[in-house]
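Coordinate-derived values only; no laboratory data. If you're wondering where the values come from, they're calculated on a predicted model, not measured in any experiment. Note: ideal-geometry Cβ built from the backbone for every residue, glycine included; neighbour counts use all protein chains shown.
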Amino acid sequence: MPRPTTLKTHATTPPVCTRQGEYAILCDAGSPGDPVSDPDTQGRVWAVSQRLSADQDILEVVPGMNNFLVIFRRILLDVEAARERILHAWESTPAGGRQGREIVVPVSYGGPHGYDLGLVADHAGMAPEEYARRHAAGTYTVYALGSQPGFAYLGGLEPGLAVPRRDKPRPVVEAGCVMIGGSQTGIQSRTTPSGWHIIGKTALDCFDHTRQPPALLAPGDTVRFQIQELQG
């Protein structure tokens, strides 16, 4: 059932805007060194992206996690004027909630499905069963899609569950793997290399090109993981 993502409306620090080629400006609103934005910042990213998308001079606005890319229809001859236009929208647009769904993701934790569960649990100073239960107890918000088709960047991981990414990525990580990477958790949407730790697996398909829409998750959705099986 659809549900709003509730976000604050107070002002946030203006984004740092840098030119990307001849047509685009990247606006980074995140805290230095922090890959996860707070809900207020992300709410403003969504709201400003929607507002700028209505500008006839702008071809497309691509919201990300902490940032958004503004692509203009014509070559930017006056980059400073374009920056001022974006910053004015940032300062004058209140952060708003984004209507989203609640998606329950059944997960088989540990065992052959999540062979890094013991490793990340040990790093966090807890038993694998406790780590899995605390991971499943969280409420996560889809901030953005990227990296690969259908891959959702989720905000809301409990800080005590954060684990640095692997020093050496695995060349093959199957779609459906539930993973931990730094201060984020996510679901592998395609079979590709990954440096995140695998703690479980879900049968849900996060991306199917024959489905409309192809991606299971969308920005603003709420994700809850549900323990289907747990092996320490």
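Could you please state, rounded to a whole Å, how far the C-alpha centre of the range 115-151 is from the C-alpha centre of the range 61-88?
First find each Cα centre; the distance between them is then 34 Å.
Could you state the angle between the C-alpha long axis of helix 79-92 and the longest principal axis of the C-alpha atoms of the chain, as a value from 0 to 90 degrees rounded to the nearest 10?
Relative to the chain, helix 79-92 is tipped by roughly 70 degrees.
Of all trypsin sites (Lys or Arg not before Pro) in the range 153-232, which ones are in loop regions per DSSP and have a Cβ with at most 12 other Cβ atoms within 10 Å? Walk me through the numbers on the way to the answer.
Numbers: sites: Arg165, Arg166, Arg190, Lys201, Arg211, Arg224; in loops: Arg165, Arg166, Arg190, Arg211.
Those satisfying the criteria are Arg211.
Once the Cβ-Cβ distance between Gln50 and Gln228 is put in as r, and R0 is 41 Å, what FRET efficiency do you end up with, to the nearest 0.05?
Working: r = 36 Å, r/R0 = 0.88.
Efficiency computed from Cβ-Cβ geometry: 0.70.
Roughly what % antiparallel, to the nearest 5, for the DSSP beta bridges in the chain? Could the numbers behind the result be given before it?
Numbers: 38 of 47 bridges.
Of the beta bridges lying entirely in the chain, close to 80 percent run antiparallel.
Counting only helical runs of four or more DSSP H residues, what would the 222 nm mean residue ellipticity of the chain come to if each run contributes -39,500 (n - 2.57) and the total is spread over all its residues? Each step should come with its number before you reach the end.
Values: 4 runs with 47 residues, N = 232.
Only helices count here, giving -6500 deg cm²/dmol.
Suppose we flag GluC sites (Glu not before Pro) only when DSSP calls them loop and at most 14 other Cβ atoms lie within 10 Å. Which is the longest uninterrupted stretch of the chain?
Longest stretch, sites excluded: 23-173.
By how many nm would the segment from Thr192 to Arg101 lengthen if fully extended, with 0.36 nm per residue of separation less the alpha-carbon distance? Please report the intermediate quantities before stating the final value.
Working: separation 91, 0.36 × 91 = 32.76 nm, distance 2.70 nm.
Extra length available between Thr192 and Arg101 comes to 30.1 nm.
Using only Cα atoms, find the angle between the long axis of helix 39-53 and the longest principal axis of the chain, and express it within 0 to 90 degrees, rounded to the nearest 10.
Tilt relative to the chain: about 50 degrees.
Looking only at Ser189, Ser108, Ser92, which one moves most when the chain is put into a Gaussian network model with springs between Cα atoms under 10 Å?
Of Ser189, Ser108, Ser92, the Gaussian network model singles out Ser92 as fluctuating most.
Between the helical axis of 128-137 and the dominant principal axis of the chain, each derived from Cα atoms, what acute angle in degrees is found, rounded to the nearest 10?
Once rounded, the angle reads 40 degrees.
Starting from the Cα of Asp78, step 7 Å along the direction of its Cβ; do the same at Tyr115; then give the gap between the two resulting points in nm.
In this crude label model, Asp78 to Tyr115 measures out at 6.0 nm.
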